[in-house]
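Asks: Submitted below is the structure of interest, expressed as structure tokens.
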Amino acid sequence: MGLADTFQRIVDSLPDDWTDLELDLRIGEESRYVEAALYLVTCNARPYSHHDWHWRLLVAHRFGHAASAQTVHGTLALLDDAGIGGELVVRQTRSGRAEITQGWGRPQSAREEFRRLRAQ
């Protein structure tokens, strides 16, 4: 099973209200580290320097300061297409958090629309 399929299986197993996901990625062939890094820059993967694992991937569901799940899936699909195999491990998930925005000065209709969009 490829990295993109593994990632999709992980995302599908999460509850609908998940907000953040942290994954560790280790590639199978360390000689292809630089090539893999070229692909992983698209999802802002953080490299490890003194660890067993090569990168930490931060994924956001609907909001947040991380790569979207679609972007990470596409990046991992590029690795699969290039023949770069590896292993993904879930390190942490968060769910049930709500985005905080400044609503002062906005009309009630805008606040209600924001609540409606975020409730999905």
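The values are calculated or read from the model by the stated rules, or taken from the named source; none is laboratory data. Quick caveat: nothing in here was measured; it's all calculated off a predicted structure. Positions of Cβ are backbone-derived with ideal geometry, glycine not excepted, and every protein chain shown enters the neighbour counts.
Asks: Quick one: is Arg9 out of contact with any Phe, Trp or Tyr (no Cβ under 6 Å at 6 or more places or on another chain), exposed (fewer than 13 other Cβ atoms within 10 Å of the Cβ) and modelled with pLDDT of 90 or more?
Replies: So Arg9 passes the test.
Asks: Can you spot a residue in the range 45-66 that is under 29 Å from Arg116 (Cβ atoms) and either in contact with a Gly (Cβ under 9 Å, 6 or more places away or on another chain) or without any contact (Cβ under 8 Å) to a residue 12 or more places away in the chain (or both)?
Replies: Yes: the range 45-66 contains one or more residues that are under 29 Å from Arg116 (Cβ atoms) and either in contact with a Gly (Cβ under 9 Å, 6 or more places away or on another chain) or without any contact (Cβ under 8 Å) to a residue 12 or more places away in the chain (or both).
Asks: Kindly establish whether Asp12 is closer than 27 Å to Leu117 by Cα, assigned to a helix (DSSP H, G or I) and free of Cβ contacts under 8 Å to residues at least 24 places away in the same chain.
Replies: Yes.
Asks: So, one more: Just to be sure, is Ala4 in contact with a strand residue (DSSP E or B) (Cβ under 7 Å, 6 or more places away or on another chain), surrounded by 15 or more Cβ atoms within 10 Å (Cβ to Cβ) and either among the aliphatic types (A, V, I, L, M) or without any contact (Cβ under 8 Å) to a residue 12 or more places away in the chain (or both)?
Replies: no
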